[in-house]
1. Any idea what angle helix B:288-300 forms with the longest principal axis of chain B, computed on alpha-carbon atoms, 0 to 90 degrees, nearest 10?
2. What ³J(HN,Hα) values, in whole Hz, does the Karplus curve 6.51 cos²θ - 1.76 cosθ + 1.60 give for the range A:34-49 when θ = phi - 60°, with x put for Gly and Pro?
3. On a 0 to 90° scale, report how tilted helix A:176-188 is relative to the longest principal axis of chain A, with both axes built from alpha carbons and the result rounded to the nearest 10.
4. Using Cα positions and a limit of under 30 Å, work out the lysines in reach of A:Lys233, with same-chain residues fewer than 8 apart set aside.
5. For the protein assembly as shown, what are Rg and Dmax over the alpha carbons, in angstrom?
6. Quick one: angle between helix B:34-43 and the longest Cα principal axis of chain B, in degrees between 0 and 90, rounded to 10, please.
7. Evaluate the distance, in nm, between pseudo-label points positioned 7 Å from the Cα of B:Glu278 and of B:Arg177 along their respective Cα→Cβ axes.
8. Mind pulling up the Rg/Rh value for chain B? Radius of gyration and Kirkwood radius, both on Cα.
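We did not get these values from a lab; they are worked out from the coordinates using the rules stated. Just so you know, these numbers come straight off a predicted model, no measurement behind them. Note: ideal-geometry Cβ built from the backbone for every residue, glycine included; neighbour counts use all protein chains shown.
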Amino acid sequence: MPAISEYLRSGVLPHIWCPGCGHGIILAAILRAIARVDPPKDEVVVVSGIGCASRAPGYLDFNTLHTTHGRALAFATGIKLAKPNMRVIVITGDGDAAAIGGNHLIHAARRNIGITTICFNNSIYGMTGGQYSPLTPVGATATTAPYGHLEPSFDLCELARASGASFVARGTAYHTNALTDLVYQALENKGFSFVEAISQCPVSYGRRNKLGDAAAMLTWQKEHAVNVRAAAKLSPEELQGKVVTGVLHNSPRQEYTDAYAELAARLSQSKGGRPA
Amino acid sequence: MSAARLIQGNEACAEGALAAGCRFFGGYPITPSTEIAEMMAARLPRVGGKFIQMEDEIASMAAIIGASLAGLKVMTATSGPGFSLKLENVGFAAMCEVPCVIANVQRAGPSTGGPTAVGQGDIMQARWGTHGDHPTVAFMPYSVRDSFDLTVTGFNCAEELRVPVVILLDEVIGHMRERVELPDPAMLSIIDRRRPDPSVTAPSDYLPYDHSAEPVPAMADFGSGYRYHVTGLHHNERGMPTGKAPEIDRLVRRLAAKMELAREKYLLYEEHETEDAEILVIAGGSPVRPAKRAVRMAREAGIRAGLFVPRTIWPFPGDRVRELARTARRIIVPELNLGQMVLEVERYAYSSGAPVKIESLGRVDGELFTPGQIYTAIQEALL
Amino acid sequence: MRAQGNDGHRQDGGDLPVQFRYEWCKKCGICIAFCPRKVLAKGQKDYPELTDAERCARCKLCELMCPDFAVTVAERQRPQAAAEGETK
């Protein structure tokens, strides 16, 4: 099994993330999952949008693509359909995936196209200094919610599942080994896989909301995560404020590019002639 | 030559794409371009190509860029409102030097405007719609056959120069049917993007954005053994983000200079009776048909009228216009907008120093010029 | 075994169980905070240092939780391999 250092473009490290940011922990967890799969590096393509999480691909020695805000899944869909044998991974953030990118998340999941998406959720727009995202909790403070945030947040995993994703899971930076396991399962699912990875932004979110330093924010993750099996035994009141982790949905079904290949094969066997 | 067929401009555009080797289409329906998507949906799966209707025009532009990076020749088709949506990603394609072709079958605008009405209000937008200094080449076909030819040319240009190319049809050209004999694709001159040669360039030495490559850097397919980074951020020759002023300057200038490369290699126009023209009509797209008839009517009446037809609209064939402005007394520019191409005509014609008068003839009511309208303008130009 | 000093460069003291890549480390303190044996502490210029190599359990939590790819934990050598001078 390769060491994860094999997957890094060492010449461009150290990365730009703040001291204590959870994104590096999550990226390392992802690389350990990839190491377990051990694909040829040329077969792997990592696509991202815009934001702190979306800077991840630049540090990776794969085919990497850093696109426009919210659109990673649409670019990735083109790559996967053009070259179905490639392993397509999308790295996105909570703002990139749920706000501007929400529609593309819905449709990529609906198609069940073979893309593994990992959403680094730190509940904030970190790169631009701390504006609220669709995953910022109600009542939190952000630079664009100076009096406290009015909006309720998404359950992103529920959104992915309802849209048709065949594999959905949630992990945290703190529970890094479990996260590696979830990403590994996500990679092995042929269809659309969505993994939400709870991350911490100590500088733009934690400090403003008095959540302590990075270690304190990781401890919060440890104390608030509840595995899905344990969560099933808790009442709604007991689940308030908790983060449900683990495999939330696993229902394999035909992957989009396989369906397309079947169509093409059927057409090449038929007598030809234009469709009506 | 294939047998003669009665086909639409939109169909001819799709045929041109297939003949040029397009094997990926990402689309979204919008009148009056939808026939292009429908034809590609039917034809591509039968030739080993891929078609997908994405959830919106932004996604379809993104999908074709992804497919192009994977090594395919790609296209999308749309009209004004969809083109407006695509622009951010068109800029991404320009910045990252990803070959792609965007057919914009222009309709009357602005906004929702007239979906089934003709217009040419996107001419400036095709060049300048996306932000920042960027190259975008655009061709404007004037007939069904020209839609085929310029789409093939558009693909060659996109591949050779690694730029986004816009094919500016309009609702009349797109929907009208003409009898055409399309050339056999095997007889066409087709250009493929230059890829790095593994026997010459090792993966660790590959520079995807090599500033000294000519005419443009070689482009490796994702998955072909060359792993590199593609980003819309300012980047160095390796594709990694940079904040260094000299690197940024070099990149932005090299990209913008592709317009000069296009000027050298892809500047296409036609001229009719311009050698001694006193009254010069300059028209592109669907106004060419009535303009041709008007010029003929004028000649029959003894007026020395001529017609200049830009087929490449961006870069604009201004040097030729400047030359013609030296001998013409009047230039009339009929456009289905309130004066866009005419701004380029003025810029070049006035720089000739010649005392030429330029008239912008605009129509924005959703209908095409009649020959009579243009002929009247020619006659009035003599007064 | 006392840790070697650091001056911002790699601390590879040969067979130390925890190795730091200080040019990537951002001194976030996560490794120090979560070490179950408390064998990591702020050293020179506040960079983390291994203070007690023998108490280190090589649990790898510091390596797993480092956001900067700056910590590597060496596998425990087999006694015979150590005698023969092998390293993994």
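1. 30 degrees
2. 4, 4, 5, 6, 6, x, x, 4, 5, 8, 9, 10, 10, 10, 9, x
3. Helix A:176-188 sits at roughly 20 degrees to that axis.
4. Straight-distance partners of A:Lys233: A:Lys222, A:Lys242.
5. 30.0, 108
6. Rounded to the nearest ten degrees, it is 50.
7. Each label point lies 7 Å from its Cα, and together they span 4.4 nm.
8. Numbers: Rg = 21.1 Å, Rh = 21.3 Å.
So for chain B, dividing Rg by the Kirkwood Rh gives 0.99.
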